[in-house]
Amino acid sequence: MKFNPATALEKVHELGSFNGVNQSINDSATFAFESGEDMTACFNGELEGAFLYSRHWNPTNFALAKALAAMENTEAAWVTGSGMAAITNTILQLCSAGDHIVASRTIYGGSFAFMKSYLPKFNIEVSFIDTTNLDEVKASIKPNTKMIYTETVNNPMLQVADIPKLSKIAKENNVKLVVDNTFTPMIFSPAELGADIVVYSMTKYVNGKNDTTAGAICASEEFINSLIDLNTGSSMLLGGPLDSMRSSSIHKNLYTLPIRMIQHSKNAAYLADKFNAMGLKSIYPGNENHIGNDTFKATMNPGFGFGGMIAIDLETAERASKFMTLMQENNVGYLAVSLGFFRTLFSNSGKSTSSEVPADEQKKMGLSEGLVRFSMGLDYDIEATYKTIEKCFKAL
Ligand SMILES: *Cc1c(COP(=O)(O)O)cnc(C)c1O
């Protein structure tokens, strides 16, 4: 039977201490050893099941990581205080001075900024390309390339990565394929499709409450252990683990992720159809004419839809701004960055989340200055929501 992330998640649910139905929160930064010998053995990595210090591991983060690994069908996982920590820890673990990265040009603004403006300090070179163009990917690989970096469904154009084909190229060239699956948990299982490492900003859909930032890295046990190596691990040495309190609350929210993704997708698909019928071309991977529609259908996990992200082009930044203000005033949702919230969030990508991307790069991405991105909420009555949006559009 094909892997299903939702049922995989249910299978690893465990009781907490005293048979509490949720995992217990372990509220300690450090852990006591029974003997001096045990402490020494732990530092030598020879003591199974013991905890040392919370920046390394703690039981609450361990329980969440176990659930995430099950959901991605990877051997192990690691949780961080933000998505950027997950991404930067991964990149710095894989790459050293003199190495090269092939990265998608159309990625989260922070990831782009890190690779474009921060990595040069360490003499790590990045080629920004269109990772949906497989010939360009192949042509960009150099003898010193260590990784291919892409998002499954990218921001804000919602292009779809062909993970099986990228994985084949990565394997042929002995480089790692790192996939940011933030936009499409449940819908895609990148590791199942051949990605070596899957990263998340859990701030978004995975947690779904917009009450904290958090991140995750799902990969082989070997890679996760390398991240927390006391001498050479980028997670261990740069710091930035998730706090236990937040870890516990994210862990509980994780179990409603499958049903939330279904509802986010349902609402976005409804709006895409309505926008298209209005003659307003929507950018939505569920549209038959969307550039990534075939790849999406060929690689998706069935049953979770095409995701909750949708964009429309209002042509100018002024019109986009007026439209968003009207929508907020009419309670469609909030004029805010971020995504995966239970209420709808909207922003003008070129002027907000992609503003780190210079104007010429934005042009290459095909990003219009009037692009309004929606992260559709869990609205119960999407028809009513649509009617309000239509009213705001007509008032422009
Ligand atoms: C938000 C986001 C990030 C960064 O995550 P933080 O939790 O804000 O650090 C990375 N990738 C994508 C696709 C995102 O949307």
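Details
- First in segment 145-170 and not assigned by TED's automatic domain parsing to the domain that holds residue 374, second anywhere and buried (at least 24 other Cβ atoms within 10 Å of the Cβ) and basic (Lys, Arg), Cβ under 8 Å, 6 or more apart: 155/373; 156/373
- Qualifying residue in segment 101-119 (condition: modelled with pLDDT under 95, among the β-branched types (Val, Ile, Thr) and near the ligand (Cβ under 10 Å from one of its atoms)): yes
- Elements of type helices (runs of 4 or more DSSP H) contained in segment 144-249, each with 1 or more residues being farther than 27 Å from residue 49 by Cβ, at pLDDT 95 or above and away from the ligand (no atom under 12 Å from the Cβ): 163-172
- Residues (surrounded by fewer than 20 Cβ atoms within 10 Å (Cβ to Cβ) and polar (S, T, N, Q)) located in segment 67-109: 73, 82, 96
- Condition met for residue 131 (within 13 Å of the ligand (Cβ to nearest atom), free of Cβ contacts under 8 Å to residues at least 40 places away in the same chain and not assigned by TED's automatic domain parsing to the domain that holds residue 282): no
- Being within 21 Å of residue 367 (Cβ to Cβ), in contact with a strand residue (DSSP E or B) (Cβ under 7 Å, 6 or more places away or on another chain), polar (S, T, N, Q) and free of Cβ contacts under 8 Å to residues at least 40 places away in the same chain is a property that does not hold for residue 184.
- Here residue 182 passes the criteria (1) in contact with a Leu (Cβ under 7 Å, 6 or more places away or on another chain); (2) buried (at least 24 other Cβ atoms within 10 Å of the Cβ); (3) among the polar types (S, T, N, Q) except the one numbered (1).
- Positions within segment 338-385 being aliphatic (A, V, I, L, M) and over 21 Å from residue 315 (Cβ atoms), in sequence order: 339, 345, 376, 378, 382, 384
- Sole residue being without any contact (Cβ under 8 Å) to a residue 12 or more places away in the chain and either touching a strand residue (DSSP E or B) at 6+ places or on another chain (Cβ under 7 Å) or open to solvent by less than 10 Å² (accessible area, probe 1.4 Å) (or both), chosen from 276, 289: 276
- Residue in segment 255-272 that is free of Cβ contacts under 8 Å to residues at least 40 places away in the same chain, away from the ligand (no atom under 16 Å from the Cβ), in contact with a strand residue (DSSP E or B) (Cβ under 9 Å, 6 or more places away or on another chain) and not polar (S, T, N, Q) present: yes
The values are calculated or read from the model by the stated rules, or taken from the named source; none is laboratory data. Keep in mind it's a predicted model, so treat the numbers as computed, not measured. Glycine also receives a Cβ, built like all others from the backbone with ideal geometry; neighbour counts cover every protein chain displayed. Remember, those area values only see protein heavy atoms, side chains included, never the ligands or the DNA or RNA. Shrake-Rupley method; radii C 1.70, N 1.55, O 1.52, S 1.80 Å.
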